[in-house]
Every structure is written in C-alpha cells, then in structure tokens.
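Everything on this sheet refers to the single structure shown next.
The values are calculated or read from the model by the stated rules, or taken from the named source; none is laboratory data. None of these values were measured; they are calculated from a predicted model. Glycine also receives a Cβ, built like all others from the backbone with ideal geometry; neighbour counts cover every protein chain displayed. Accessible surface is based on the protein model in full, side chains and every heavy atom, while ligands, DNA and RNA are left aside. Shrake-Rupley method; radii C 1.70, N 1.55, O 1.52, S 1.80 Å.
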Amino acid sequence: MLELSVQAKSPAAINTAIKKIKEMITSGSVARTSPIHLTLGPGIYRELVRYNLPNPLFLESVPGTKASDCVIQADNCESFHHGAENRAVFVLGPNTTNVKIKNISIVNLHNKSPDVEAVFNPADSAEALVWSSTNGTLFADGVRIEGRQNTLCLKGVSWFKDSFISGDVDFIYGDVSTAFFEECEINLREDNRGDFPGYAVKSQALAEKSGFVFMNCRFTGEKRKKNRIFLCRTDGKGSADSLKGWDSIAVVNCFFSENFDDELAWDDDMEKEIYPRGNKMTGIREYNSKVVLKNGKVTEADTTRRNIKTYLMTEDDYFTHYASRFLILHDTPFGEVEA
C-alpha cells in the first residue's frame, strides 16, 4: 500500500498528491493494483479533485478529525464547466475500482441564479461528489456532502453510512444499481432564491435493480412558506422497455420531518408517469416510516395520502429482504468484500 499525507496549507495539495501517484504508476514504482491510502490534515482544501485510477483508494482525514474540520470545497456549476464530471467538486471517474472515503466534507458552494423562476435550472447543476464507476464500489463513512442542485451523482453500487447529504432539489440522483444509505441524515435545505418546492431524490435507477435504499435514515427539511417538499420526484421516463430511468426508492425504518408532504412522491398531479408501480423489490416502497413533529414527538406516518404508485411493504417483505444490511447488499459486491 502507498501511504501519502497532505496538508491544507499546501496549494492544490490533493491534486498534487494524485499527480505524484500517477507518475509513480507510470514509472512502474507503484503497481496499478496497489492500494492508495491518502490522509488529509484538517483545514479547507480549495480545489477541484479528480481521481480516475484503477488503484483502490482510501481517503480519510487524520484520525480523530471531525468531517466538518476537513473540507474539500469550491464554487463550480454547469454554467462554468459543462457536464457532471466537470462541474463537480470531487469526481471519482469510470476507471476507479474500490473507494473508501471517511470523515471528510465535500462542499459545492454554488448558489443558484436568483433571476431564474424555474424549480430546476440546468445551468445551476452543481455536484459536490460524482461517482462514475459502474464496476467498482464506493463506501462513504461519516462524510458530509453539501450543495444545492444535483449535490450527489451516483452510478453503479455505493454505500453511505452515518453521513450527511444536503441540497434543495434533485440532490441525490443517478442511474444506479444499488445506492444504500444507512443511518444518514438527508437534509432538504431552503432554496437560496426564496420559496421554491424541494425534492430530495430523483431516481434514474437501472431496470429491475433495487435503486436507492434508505435504512434508519432521518429526512430533515426546512419549511417553505407556500410550497411543499417531497422525498422524490419522477422524470417520467421509466417504462417496461427502458434500461434505466426507473423510480426505484425504498425507505425502511426512516424518520421524516413533519415538513415533508404526506404524498412523498411528486408526479406533477399524475401528469408524469411513475414507473414501475411500487412492489417489494422495485418502485417507490416503504416500511415503518415515522414523523418527527416540531416538539420532537415521534408519531406513526399517515400513509393514507401516499402517491398511488407507492407500495407499503408487509412484515414478510421486510424480514425477507430489508431487515438487515446483509439482506440489502448481499447481491452486490459489498456482499463479497468488507467495506
């Protein structure tokens, strides 16, 4: 294993380290399969980071450092650089294999243009983290990922544990196979332009796959004056013939702020098709949701107003497919290797 440490006071510290790694691989002094352990000292790293090497990567802050004290940040967006892999703060490219990130923050500082009235303005797409590998695995433990629109873009297989992910519209999205969120806080922040509706997840999952699975997570959200906030909204592009674009989202034993609309899934008053209809394995499905009131009291969720396409899982569904991390991840690469 190659061990490298960097400090925030050094300019372009992380990119300098990655450049050094590339040079060592090119020279043959480091094998293309050799794991890389990159340790970040506390501080703010003001740079756009790209890692696209096949070497397994373990990126963490110095042990004992809080994620909020080790921050990679920049102001970047579609109007500055075109495409998700160019407008993001931190990109893990398609050649990456197995990546672990621990106790760091990744923040896109971009604020949306105040003169645009649309809920979603393509020019304001501004990812904090992009995971582009369809063959590898991403494990994020104790990370903070903050932005506004399109904060977290995912492909393939990923697992987020004890993490905080924040944004205001479509801020968790991607054509995933399985994206597993365990004991995370999903925070739907107020739009910087004013009173706009908010949506946490935009699923574009691969057909027949489990998609976005949230277990024991907390969905928090800032109240709007007139508009509403939702767990998710659909693109309306999924179909029996499509290879992706499926609305596959599972929420299991999760807690929702009372500010979330009881419908949970937005479909433009049924003008857009949610596909597939929820069932125990795909579609929008939930089990044992709770609501947290302003006074802190926890109550059972009122599921009578859920979108008609959602599915309420039975106890048999839960204990057969969702009662443990293993049941959720067993048919992914995480079922074979230790994260």
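Of everything in region 31-46 that's of a type in the set (Gly, Ala, Ser) and under 22 Å from Ala128 (Cα atoms), which residue is least open to solvent (accessible area, probe 1.4 Å)?
Of all residues in region 31-46, those of a type in the set (Gly, Ala, Ser) come to 31, 34, 41, 43.
Those still in the list that are under 22 Å from Ala128 (Cα atoms) too: 41, 43.
Numbers: Gly41: 1, Gly43: 23 Å².
Out of the qualifying residues, it is Gly41.
Looking for something hydrophobic (A, V, I, L, M, F, W, C), open to solvent by 50 Å² or more (accessible area, probe 1.4 Å) and out of contact with any Lys or Arg (no Cβ under 7 Å at 6 or more places or on another chain) - is there at least one such residue anywhere in region 47-54? Show your work before the answer.
At the first step, the residues of region 47-54 found to be hydrophobic (A, V, I, L, M, F, W, C) are 48-49, 53.
Going one step further and asking which of them are open to solvent by 50 Å² or more (accessible area, probe 1.4 Å), we end up with 48.
Filter once more, so that each one left must be out of contact with any Lys or Arg (no Cβ under 7 Å at 6 or more places or on another chain): 48.
Yes: one or more hits.
Report, by residue number, each residue of region 203-261 that is among the acidic types (Asp, Glu) and over 20 Å from Arg189 (Cα atoms). Break it down into steps so the answer makes sense when it comes.
As a first pass, look at region 203-261 and keep what is among the acidic types (Asp, Glu): 208, 222, 235, 241, 247, 258, 261.
Passing the criteria: Glu208, Asp235, Asp241, Asp247.
Please enumerate the residues belonging to region 66-90 that are closer than 13 Å to Ser132 by Cα and surrounded by 20 or more Cβ atoms within 10 Å (Cβ to Cβ).
To start, the set of residues in region 66-90 that are closer than 13 Å to Ser132 by Cα comprises 83-86, 88, 90.
Passing the criteria: Ala88, Phe90.
Checking Gly28 against (1) under 21 Å from Leu154 (Cα atoms); (2) surrounded by fewer than 17 Cβ atoms within 10 Å (Cβ to Cβ): exactly one of these is not met. Which one?
Status for Gly28: all satisfied but (1).
Which is β-branched (Val, Ile, Thr) and in contact with a Phe, Trp or Tyr (Cβ under 6 Å, 6 or more places away or on another chain), of Val89, Val119, Val62, Val99?
Val119
Within region 129-188, take every residue that is among the charged types (D, E, K, R) and in a strand (DSSP E or B) and give me the one that is nearest to Val292 (Cα to Cα). First the steps, then the outcome.
Filtering region 129-188 for residues among the charged types (D, E, K, R) gives 141, 144, 146, 148, 155, 161-162, 168, 170, 175, 182-183, 185.
With the extra rule that they be in a strand (DSSP E or B), the set shrinks to 141, 144, 146, 161, 170, 182, 185.
Values: Asp141: 25, Arg144: 22, Glu146: 23, Lys161: 21, Asp170: 23, Glu182: 18, Glu185: 13 Å.
In this case the residue turns out to be Glu185.
Here is a yes/no grid of residues against (1) within 25 Å of Thr178 (Cβ to Cβ); (2) β-branched (Val, Ile, Thr); (3) out of contact with any Cys (no Cβ under 9 Å at 6 or more places or on another chain):
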position: Ile18; (1), (2), (3): no, yes, yes
position: Gly64; (1), (2), (3): no, no, yes
position: Ser79; (1), (2), (3): no, no, yes
position: Leu92; (1), (2), (3): yes, no, yes
position: Ser105; (1), (2), (3): yes, no, no
position: Ala118; (1), (2), (3): no, no, yes
position: Ala123; (1), (2), (3): no, no, no
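Going by the conditions given, is Phe58 aromatic (Phe, Trp, Tyr) and in contact with a strand residue (DSSP E or B) (Cβ under 8 Å, 6 or more places away or on another chain)? Before the answer, list the steps.
Details: aromatic (Phe, Trp, Tyr): yes; in contact with a strand residue (DSSP E or B) (Cβ under 8 Å, 6 or more places away or on another chain): yes.
For Phe58, the condition - aromatic (Phe, Trp, Tyr) and in contact with a strand residue (DSSP E or B) (Cβ under 8 Å, 6 or more places away or on another chain) - is met.
Looking at Glu183, Glu208 in this structure, which one is open to solvent by 20 Å² or more (accessible area, probe 1.4 Å), in contact with a Lys or Arg (Cβ under 9 Å, 6 or more places away or on another chain) and of a type in the set (D, E, K, R)? Give the derivation first.
On the way: Glu208 fails: in contact with a Lys or Arg (Cβ under 9 Å, 6 or more places away or on another chain).
The unique qualifying residue is Glu183.
Checking Lys309 against (1) within 22 Å of the chain's Cα centre (by Cα); (2) at pLDDT 95 or above; (3) farther than 23 Å from Asp168 by Cβ; (4) among the charged types (D, E, K, R), which test does it fail?
Tallying (1) within 22 Å of the chain's Cα centre (by Cα); (2) at pLDDT 95 or above; (3) farther than 23 Å from Asp168 by Cβ; (4) among the charged types (D, E, K, R), Lys309 fails exactly one: (1).
I'd like to know if region 216-224 contains one or more residues that are among the acidic types (Asp, Glu) and either in contact with an Asp or Glu (Cβ under 6 Å, 6 or more places away or on another chain) or surrounded by 22 or more Cβ atoms within 10 Å (Cβ to Cβ) (or both). Explain how you work it out, then say what you get.
Applying the first criterion (among the acidic types (Asp, Glu)) to region 216-224 yields 222.
Restricting the remaining residues to those that are either in contact with an Asp or Glu (Cβ under 6 Å, 6 or more places away or on another chain) or surrounded by 22 or more Cβ atoms within 10 Å (Cβ to Cβ) (or both) gives 222.
Within region 216-224 (the criterion being among the acidic types (Asp, Glu) and either in contact with an Asp or Glu (Cβ under 6 Å, 6 or more places away or on another chain) or surrounded by 22 or more Cβ atoms within 10 Å (Cβ to Cβ) (or both)), the answer is yes, since at least one residue qualifies.
Scan region 1-22 for residues that are out of contact with any Asp or Glu (no Cβ under 7 Å at 6 or more places or on another chain), open to solvent by 20 Å² or more (accessible area, probe 1.4 Å) and under 25 Å from His81 (Cβ atoms) and jot them down.
Of region 1-22, the ones out of contact with any Asp or Glu (no Cβ under 7 Å at 6 or more places or on another chain) are 1-11, 13, 16-22.
This time we only want the ones that are open to solvent by 20 Å² or more (accessible area, probe 1.4 Å), so: 1-5, 7-11, 16, 19-20, 22.
Answer for region 1-22, where residues must be out of contact with any Asp or Glu (no Cβ under 7 Å at 6 or more places or on another chain), open to solvent by 20 Å² or more (accessible area, probe 1.4 Å) and under 25 Å from His81 (Cβ atoms): Ala8, Ser10, Pro11, Thr16, Lys19, Lys20, Lys22.
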